[in-house]
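The next block holds one structure in the form of structure tokens; read it before the comments.
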Amino acid sequence: MGFPYDEQAMTFSTRIFSSLAALVLLSLVPAAAFAQWGFDGVEAPTQPAASELQVLSGAYGRPWKGSENAPVTIVEFSDFECPFCAKVGPTLQALLDQYPGQLQIVFRNNPLEFHSHARGAAEAALAAHYQGRFWEFHDLLFANNKALTDDDLRTYAQTARLDAPSFEVDRKASETADRIDEDIRWAQQLGANGTPTFFVNGKLLVGAQPISAFSALIDEELARAQVLSKLPALKTSVSEALTALNLEEGAFLGDYKEAVERVQHPVAIRSAAFTEGSSDALLTLVRYFHYTDPEFTAMGAQVEQLRALYGAQVRVVYEPLPRTLSPIDSWLGAVLFEAGDEAAAVHQCFLTARLSGTLACAPGVQTCPFEEPELRAELRRLLQSCALGTAIVDRIDADALATMDAQREKGRNYGAAGNALFVNGRRFDGVAAESELFPVTQDQYDLAAKLAAAVPAELVYEVAVNTTERAYVDLKGRTVRGAKSAPVTVVEFSDFECPFCARALPSLKSLREKYPDQIRFYAVNLPLSFHPEARPAALAAWAAGEQGKFWEYHDALFESAPLTSSTYETLAEQLGLDLKRWNKDRASTAAENAIVADEKLARELGISGTPNFLVNGRLLSGAQPLESFVALVDEELNAAQLLAGKLEGDYYEALTKLSPKPAKTAAAVDGERVFVPLGAFPSKGGSNAAVTIIEFSDFQCPYCSKVQAALGQLMTDYGDKVRIVFVDMPLSFHAQAEPAARAAWAAGQQGKYWEFHEALFSQQLALGDDLFVRVAEELQLDIQRFEQDRSGEASAAAVQAGIAEAQKAGLSGTPSFLINGRKFVGAQPYEAFAALVDEELETVKTMTKEKKLKKKDVLYEVLTGGTRPTVRFDKLKLAGMPTKGSKKAVHQVVLFADVSNPFAQDAIRVFQSVVESDLDAQFVFVPTGPTGSSEGSLATRALLVTDDLEQSLALALSFTSSEDLGEDEVAAAIATAGLDDKLLADAQKKGSEKTLKSAMKLAEKNGVLGTPTFIVDGKISRGPLGAGEVLSRMQ
């Protein structure tokens, strides 16, 4: 039994009658059944407050459309007066058409304060919702979002055939206001500071994005939904499960784990000698080793370092891998296997012997037995030295030693020839470089942490190990060679003048012969700049493809080396091409665009050389022998058999979209550009680059660390076309983030900012005072100055300046970016950055072509100047006072101070540090005498006779006492500050008294009752302030 509505609710007036009727029926209906109804047909009146997970994964009483049980939920926070919200409406409807049965779109109100009619429209829309007409009314509001007065709303209600009396009552009801207020609170809590803002299964997407941006996230979520379908049954919806997976906060991960069926699936660590750590650990380190290897102890030290960093989240699996020609290794491994519960103690015994130099056959040890009696004696000696029983040695026989043969075979199967370490299945041979081991370990930890929210703990390792990264290439429009339905797709990135590409051809031909119906081939042109004939050849091949002869022409080009300008037409004629059409096609804009698109694709995938191959998305670099291709193809054919019938649609498309690195990425935010003054923040790249990327970051944020590789690659690929600006945005829950930011700033004062920045991110897990000082010493900084700078007011002010800019830009998490002023959130992959950089370069190119740019223009300011913040207060007119900054600056900071006041020095230091932060502000210093007096000291007049603010502040801070400020003290302070001694004579002139009286009048006129007093953006703040407080008072 239920109400005959889809997503609507009854009107409040109807509810009153229904409640009375319910009293009559109450005795006839079981309590449990009554509790299921809910007053509005979708939620009970006493429903508890929603959690973040519920808000982002379902309707929870809000208007929705699509499929109620869809695997993907899009929650929209919107404002009916927002033009960008109106713009995105058709996109959302197109998505519902594109993904039938797979989406639920939920609408939540977030009326912005500066839209005077938005709140009223939201109230009216909810009133329409109560009558089951929300979406019809929603469309009317957005179609007419410039006409939203009360009379307009009543007209739309009539058009939507609403009951007028109920509409008027419901839109003014307290419950309606409560719902809107709740939506606003959620918007603020979730960081939806503007409209429209969307959450796709909890993933943030800001602005009126194109349909491709939504599709990228939806496709990723649908692929993940398929993965979930293979895991134990969920007690919750797929959308809620995926949303919980996407939410990073630990509390929600815990909630989600409880929602997953706990089915026991023990991890198969095949015949390991022994294991240390919990099977629930997020990181499993499988260590293949033999005790006499020269790198044995160094690798052990790395394992211990990882255990120290990740604690209980590390499990170590020990796998002996003895050398064939080293009997001692086989015996040591066999004893370890036979030890059973004592294996850990036996291992520790052997390790101690190795470290103390008493292990036979180890480097530097002369004793090395080869015969069985000597081997048994050596093993007994070792165990006795550790007070362990020797009965194990007696059990070593041919079968026990055969176990070591099996270990060697297993090691070979996994590619481990000697000492090797597997981190959740990622192999490192020998002692790995820290620059490789630690980032990979962190990536695996992050992946496992997400998986822990999606699968039972016992399955995390198994799923993580089998999660293969694949690159996606859109194959539409490309000429296929081979069976269209083949399970293995090979995409070749090649250059027709590259000799190594030609060497790979025999391997590719053999593959076609060996797997005639199981491989299909596609080609991507990547002509390298140092090959003069590569581009003409690529254009010629593309033109041949327009006549259905791409692969024939492709092969002929490689067989015709060396290439010359006469080669192309000769080959076209030999292949029987229509030469007139072929010549026209190869010279066409379409041909050039196709090659440019291929180059862009390679760049997005991080492919910069030739030949490179993607085998079902898995990279194989260089002119590999046939065996390398066969091994990878066989793996993919085996995988295809396992997945047969489990992936819908084209196998290649479905497979590559299961990659842990999404095949597609969300585009950056469209819409208005945000201007941020750049003078205060460190930057690198072209000083007038076409693309300025401002990174708001936190040195302790793991995602900020991960994105550095993509930014570095951008600098490499685009050179001076790109400038990167770093803005500190330390998050409150990262204890070391602000100290790290201040330390980096201090290093920057000695010209070593970027070196220090790189060192912090590369050693992120070790952040702290010890690391800061050690890095400073390694960079040969002046340590005394470094310590003073990082603990001083100026470093605090610099960090607060970054936080202030982030707040003004509406940014709440790290990493966040402004790319030529366009918001771009999260640790996006390189290809996402490259796509937006390319788009911005095209914008600059178009503006240049249309003569909208001049040679003297600062590109960043031109591109972002349309939304540069404007002054929103009346600036004080303070002519004649020491000043720095333009009258047209966005902010104004004024300090009134009497140097005879004992609190003045602290206030002046704070003011100086704010001035040094180089914000877009006008800074004015007004030295005064005691308030209420028309007189001032000689010192005050000396501060006023220079109109240079920095000189005036330097002099003010040179006074050693506030009590005696006579001529000698002023002269000494001038000398200490390094100023011209004529300043004293100027201060003693009568004209200086007039300037002092002007300063005193300014203080009185502006309500300064005592000093020191700051006036920040027109607002007076009496008493001492810290630098951070001054910055926070800026509008």
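Just so you know, all these numbers are worked out from the coordinates, no wet-lab data involved. Computed from a predicted structure; not experimentally measured. Here Cβ is always computed from backbone atoms with ideal geometry, including for glycine, and neighbour counts include all displayed protein chains.
Over segment 273-386, what is the relative contact order in whole percent, taking alpha-carbon pairs under 8 Å and six or more residues apart?
That works out to 30 percent.
Which links in Lys684/Lys823; Lys884/Lys1001; Lys808/Lys884; Lys877/Lys982; Lys875/Lys982 stretch past 25 Å when you go from one Cα to the other?
Pairs exceeding 25 Å: Lys877/Lys982; Lys875/Lys982.
How much net charge surrounds Ala523 when only the other residues with a Cβ under 12 Å from the Cβ of Ala523 are counted, with Lys and Arg +1 and Asp and Glu -1?
It works out to a net charge of -1.
Given R₀ = 45 Å, FRET efficiency for Leu351-Ala654 by Cβ-Cβ distance, to 0.05?
For Leu351 and Ala654, the calculated efficiency is 0.40.
Write down the percent of antiparallel bridges among all DSSP beta bridges whose residues are both part of segment 683-863, to the nearest 5.
DSSP beta bridges in segment 683-863 are roughly 60 percent antiparallel.
What is the antiparallel percent of DSSP beta bridges lying wholly in segment 465-582, to the nearest 5?
Approximately 20 percent, going by the DSSP bridge assignments.
Taking 0.36 nm per residue of separation and subtracting the Cα-Cα distance, what length does fully extending Phe114 through Thr367 add?
Details: separation 253, 0.36 × 253 = 91.08 nm, distance 8.46 nm.
Extra length available between Phe114 and Thr367 comes to 82.6 nm.
State the Cα centre-to-centre distance between segment 281-316 and segment 591-642 in whole Å.
33 Å
Would you list Asp443, Asp898 from fewest to most Cβ contacts within 10 Å?
Asp443, Asp898
Multiply the residue separation of Thr324 and Arg503 by 0.36 nm, subtract the distance between their alpha-carbon atoms, and state the gained length in nm to one decimal.
Here the segment from Thr324 to Arg503 would lengthen by 60.8 nm.
Restricting things to alpha carbons, find the Rg to Rh ratio for segment 312-406 using the Kirkwood radius for Rh.
On the way: Rg = 12.9 Å, Rh = 13.7 Å.
Rg/Rh: 0.95.
Calculate, in nm to one decimal, what Lys994 and Thr843 gain on full extension: separation in residues at 0.36 nm each, minus their alpha carbon distance.
48.8 nm
For Ala483, what residues show an amide H to amide H distance below 5 Å, using hydrogens built from the backbone and excluding near sequence neighbours?
Ile519
For segment 459-583, what number results from the quotient of the Cα radius of gyration and 2.2 N^0.38 Å?
Numbers: Rg = 17.0 Å, N = 125, 2.2 N^0.38 = 13.8 Å.
The reported ratio for this selection is 1.24.
Could you tell me the ratio Rg/Rh of segment 481-656? Both radii from Cα atoms, Rh via Kirkwood.
Dividing the radius of gyration by the Kirkwood radius yields 0.98.
Considering Cα pairs under 8 angstrom that are at least six residues apart, work out the relative contact order of segment 683-863 and quote it in whole percent.
This gives 32 percent for segment 683-863.
If R₀ is 35 angstrom, what is the calculated FRET efficiency for the pair Thr155 and Arg185, using the beta carbon separation as r and rounding to 0.05? Please report the intermediate quantities before stating the final value.
Working: r = 31 Å, r/R0 = 0.89.
Efficiency for this residue pair is about 0.65.
Can you tell me the order of 196-206, 973-983 when each peptide is scored by its average per-residue count of other Cβ atoms within 10 angstrom, highest first?
Top of the packing list down: 196-206, 973-983.
Mind giving me the nanometre distance, one decimal, between the label points for Lys410 and Thr564, set 7 Å out from Cα along Cα→Cβ?
Here the modelled spin labels are 6.3 nm apart.
Out of the chymotrypsin sites (Phe, Trp or Tyr not before Pro) in segment 516-550, which ones are loop residues according to DSSP with at most 12 other C-beta atoms within 10 Å?
Counting only loop positions with at most 12 other Cβ atoms within 10 Å, the chymotrypsin sites (Phe, Trp or Tyr not before Pro) in segment 516-550 are Phe530.
Any idea what the alpha-carbon Rg over 2.2 N^0.38 Å comes to for segment 551-629?
1.35
Compute the distance in nm between two label points, each set 7 Å from the Cα along the Cα-to-Cβ direction, one at Ala709 and one at Val169.
That separation, rounded to one decimal, is 6.3 nm.
D for segment 683-863, whole µm²/s, Stokes-Einstein with Kirkwood Rh over alpha-carbon pairs at 37 °C and 0.692 mPa s: what number?
Numbers: Rh = 17.1 Å.
D, rounded to a whole number, is 192 µm²/s.
Hey, with R₀ at 56 Å, roughly what FRET efficiency would Lys982 and Val480 work out to, going by the Cβ-Cβ distance, to 0.05? Before the final figure, lay out each step's value.
Details: r = 85 Å, r/R0 = 1.51.
That pair, Lys982 with Val480, gives E of 0.10.
For segment 735-813, count all C-alpha to C-alpha pairs, find those more than 15 Å apart, and express that count as a whole percent of the total.
So the portion of pairs separated by more than 15 Å is 53 percent.
Suppose every K and R has +1 on its Cβ and every D and E has -1 on its Cβ; what is the size of the dipole of segment 683-863 about the Cα centre, in Debye to the nearest 20?
That gives a dipole near 840 debye.
If you average the C-alpha positions of segment 757-803 and of segment 940-1001 separately, how far apart do those two centres end up, in angstrom?
Between the Cα centres of segment 757-803 and segment 940-1001 lies a distance of 35 Å.
Sorted from fewest to most neighbouring beta carbons within 10 Å, what does the list Tyr568, Tyr652 look like?
With the sparsest Cβ surroundings first, the list reads Tyr652, Tyr568.
Give the percent of DSSP beta bridges with both residues in segment 481-656 that are antiparallel, rounded to the nearest 5. Each step should come with its number before you reach the end.
Numbers: 10 of 17 bridges.
Counting only bridges with both partners in segment 481-656, antiparallel ones make up about 60 percent.
Taking segment 274-465 as the region of interest, what is the percent of Cα-Cα pairs per 5 angstrom bin, listed from the shortest bin to the one with the maximum distance?
1, 8, 16, 19, 19, 15, 11, 6, 4, 1, 0
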